[in-house]
Amino acid sequence: MVLFLNFLILAIGFFALVKGADWFVDSAAGIAGKLGVPQLIIGLTIVAMGTSAPETAVSLTASLKNSADLAVGNVLGSNIINILLLLGITSIICPLLVRKSTLKFEMPFVILISVILMAIGIEFSFSNGLAISDGALTRIDGVILIALFLMYLAYLFYMAKHGLADDEEISIDKSKSYLHLVIVLLYGLGMVIGGSNLTIRGASKIAEFWGVPERIIGLTVVAFGTSLPELVTCIVAALKKNADIAIGNIVGSNIFNILFVLGISSLVTKIPYQASFMMDSIIAILSAAVLLACVAFNKKHVLARFSGILMLVLYAVYFVHLVRS
């Protein structure tokens, strides 16, 4: 009975996270639209960050509650799930066409920042005692990640201004009053905060009940739950034969997760980076490399069904490894 209640709390937390983030983003975009902010800016900031809102809330809450394994595991797990599981499923439904800019710049950038994250996270020191990394994400590391994030935003802005990126149609209802939008905005924010607390509580209790490390729960259950917005977006896009936007969304989400989510979280508080995350970081890097290779070696730069099957198999192998570890 206790386990069922904790799963129920976890499910309610996931629902509040996803729905709250949706309301928060819609209201924020509506307020910005009424204030005359260009849709380009709204799309590159408010809407783009919206899909990473659950990860941000969960990782930040976990960090503040001394559940660092959930904070880091959530991001690494989400990034692995986004590529191997979500893109694997979506490419089986409909092969995914990849833009040249995504192939040449954004995919390699995901690999680069994944390596940087591992480098600043793991503990490493010379024999004379000089430490390069202390096994934690500190405020200095947070500054580095946020600086890279701002560079990425500048890149997106440049691409959009020069017509080198897909133009995203943003639906903004300007008929609603400021009062209505602010109320929904605050309500959505409250749901995100409350949902993150419920998610952390449920996940921690489940881990405690089963004797499973928080790292494993963060890499699987919590990571999958916070990836629900990306999963829904990818599957809907595939079913509508608009799956060419899926890879861009996933790659962008992975960049946001590392640079923005962990950047903000480590600015607020020091986040221990356990040695056990070394393997998960390597898997995250290899996942991004596999995605890049599958597309680069395809003459049409398409993520084909065979590649999707391969990625699902790789995730299954990784999942079995987690269960046995």
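The values are calculated or read from the model by the stated rules, or taken from the named source; none is laboratory data. Everything numeric in this text was worked out from a predicted model, so none of it was measured. Because the Cβ atoms are built from the backbone with ideal geometry, glycine has one as well, and the counts that use them run over all protein chains shown. The protein model used for the area step is the full one, side chains on, heavy atoms only, and it has no ligands, DNA or RNA in it. Shrake-Rupley method; radii C 1.70, N 1.55, O 1.52, S 1.80 Å.
Quick check on region 213-325: take the gyration tensor over C-alpha atoms, sort the square-rooted eigenvalues as a ≥ b ≥ c, and tell me if it's rounded (a/c under 1.5), prolate or oblate. Taking the square roots of the gyration eigenvalues as a ≥ b ≥ c, region 213-325 is prolate. In the structure shown, the pairs Lys205/Lys270; Lys34/Lys104; Lys100/Lys161; Lys19/Lys270; Lys65/Lys205; Lys104/Lys161 are assessed against 25 Å; a Cα-Cα span above that value is assigned to Lys34/Lys104; Lys19/Lys270. Compute the Cα gyration tensor for region 63-124, then decide on rounded, prolate or oblate, letting a ≥ b ≥ c be the square roots of its eigenvalues: rounded whenever a/c is under 1.5, prolate when a/b is larger than b/c in the other cases, and oblate in all that remain. It comes out oblate by the Cα gyration axes. A dipole drawn for the chain from +1 and -1 charges on Cβ atoms has a positive end, and of Ile120, Asn66, Tyr158 the residue lying farthest that way is Tyr158. When +1 charges are put on Lys and Arg Cβ atoms and -1 charges on Asp and Glu Cβ atoms, the dipole computed for region 189-325 relative to its Cα centre reaches about 280 debye.
What dipole magnitude, in Debye to the nearest 20, does the chain give about its Cα centre under +1 on Lys/Arg Cβ and -1 on Asp/Glu Cβ?
420 debye
Can you pull the Rg over Rh of the chain, Cα-only, Kirkwood?
That ratio equals 0.96.
Potential lengthening of the chain between Leu5 and Leu239 amounts to 80.8 nm, from the contour at 0.36 nm per residue minus the alpha-carbon distance. For Ser175 and Ala304, the FRET efficiency from 1/(1 + (r/R0)^6), where r spans their Cβ atoms and R0 equals 35 Å, is about 0.20. What the phi angles of region 15-21 give under the Karplus curve with 6.51, -1.76 and 1.60, with θ = phi - 60°, is a coupling list of 4, 5, 4, 5, 5, x, 5 Hz, glycine and proline written as x.
Multiplying the residue separation of Ala119 and Lys104 by 0.36 nm and subtracting their alpha-carbon distance yields 3.1 nm.
Between the C-alpha center of region 138-160 and that of region 252-269 there is a gap of 10 Å. Multiplying the residue separation of Asn66 and Tyr155 by 0.36 nm and removing their Cα-Cα distance gives an extension gain of 28.6 nm. Near the amide H of Ala136, within less than 5 Å, lie the amide hydrogens of Tyr273, all on another chain or at least 5 residues away, with H placed in the peptide plane. In this view, the solvent-accessible surface of Met159, computed with a 1.4 Å probe and all protein chains in place, comes to about 20 Å².
Along the axis of the charge dipole computed for the chain (Cβ charges of +1 for Lys and Arg, -1 for Asp and Glu, origin at the Cα centre), the listed residues Leu96, Ile258, Leu145 are led at the positive end by Leu96. Highest mean packing comes first when the peptides 109-119, 52-62 are listed by Cβ atoms within 10 Å, giving 52-62, 109-119.
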